[in-house]
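First the structure, in the form of structure tokens, and then the observations on it.
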Amino acid sequence: AQVAGAGLFVLAAPRALGPDVFGQLAAAYSWMVLFQVPGELGYAEVFARFLPEAREDTRREDTRREDTRREDTRRALAARLLALKAVVGVGLGLLAGGLAPLVLPQTGLSPLAAALIGLIVAARVWTTGLFALLLGLGETGKWSVETTWRQLILTVLLVWLFRAQNLTTGLLAVLAHEAVFLALGVFHVSRSKLQTSNFKLQTSNFKLPRF
């Protein structure tokens, strides 16, 4: 599906959008990627390193109290990293949207289009945090959905549903595509093993594990 989506996008999007709109959208997309990359650094590695230990610890009944303490610590780590991810997403989105008209004057960005760029960046940063958490929980099938189907869904929204005729419509399609995966990530995380009464932001007596 990932290869098919990429191939379909390459074949369909330039022809459907036309050279002007596709070029403007490509420039805006390249700008957004610059802000999405910093928002993804480190989260998958942290979640994949520490959350599996929480699952293994809870299997030993003879040390249940210690296991519970360690599990709560890792839940706190996950919660704090997701909270940090939310703040980083907002900050990067504001930067991307605020600077876009200055960096991309040739695209003729409207205020609405600049705001859409900021929202897309924020949504992407939040989404990657949620799916990194699923990877850490061992939900590799759910985690792989985000990378496998992303390009295909973007092509369907951009070319056939929104039928983008200008940059703003194209950005709306990209935002809708991000919203699909953000909602899917929220849905899966809300049903994950971490969603218990103990899954909350714990700020007292909490120390990050050493790497």
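Go through the residues of the stretch 145-155 one by one and say whether even a single one is in contact with a Lys or Arg (Cβ under 8 Å, 6 or more places away or on another chain) and not acidic (Asp, Glu). Lay out the reasoning, then the answer.
Quick first cut of the stretch 145-155, residues in contact with a Lys or Arg (Cβ under 8 Å, 6 or more places away or on another chain) only: none.
No, the stretch 145-155 contains no residue that is in contact with a Lys or Arg (Cβ under 8 Å, 6 or more places away or on another chain) and not acidic (Asp, Glu).
Residue-wise test of (1) at pLDDT below 85; (2) closer than 21 Å to residue 6 by Cα.
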| site | (1), (2) |
| --- | --- |
| 104 | no, no |
| 108 | yes, no |
| 118 | no, no |
| 142 | no, yes |
| 154 | no, yes |
| 167 | no, yes |
| 170 | no, yes |
| 177 | no, yes |
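Report, by residue number, each residue of the stretch 146-168 that is open to solvent by 30 Å² or more (accessible area, probe 1.4 Å) and within 20 Å of residue 27 (Cβ to Cβ).
Step one: of the stretch 146-168, the residues open to solvent by 30 Å² or more (accessible area, probe 1.4 Å) are 147-149, 151-153, 156, 160-163, 165-166, 168.
Of everything in the stretch 146-168, those that are open to solvent by 30 Å² or more (accessible area, probe 1.4 Å) and within 20 Å of residue 27 (Cβ to Cβ) turn out to be 151, 162, 165, 166, 168.
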Could you please find all residues in the stretch 133-145 being small (Gly, Ala, Ser), open to solvent by 10 Å² or more (accessible area, probe 1.4 Å) and in contact (Cβ under 8 Å) with a residue 60 or more places away in the chain? 138
Close pairs from the stretch 146-163: first touching a residue at least 24 places away in the same chain (Cβ under 8 Å), partner outside any helix (DSSP H, G or I) and open to solvent by less than 60 Å² (accessible area, probe 1.4 Å), Cβ under 7 Å, at least 6 apart: 148/1; 149/1; 152/1; 158/164
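Would you confirm, using the coordinates I've provided, whether residue 155 is polar (S, T, N, Q) and within 20 Å of residue 84 (Cα to Cα)? Give the steps one after another, and end with the answer.
Details: polar (S, T, N, Q): yes; within 20 Å of residue 84 (Cα to Cα): no.
No, not satisfied.
The values are calculated or read from the model by the stated rules, or taken from the named source; none is laboratory data. Here the structure is a predicted model, which means the values were calculated and not measured. For neighbour counting, all protein chains shown are included, and Cβ atoms are generated from backbone atoms with ideal geometry for every residue, glycine included. What goes into the accessible areas is simple: the full protein's heavy atoms, side chains included, and nothing from ligands, DNA or RNA. Shrake-Rupley method; radii C 1.70, N 1.55, O 1.52, S 1.80 Å.
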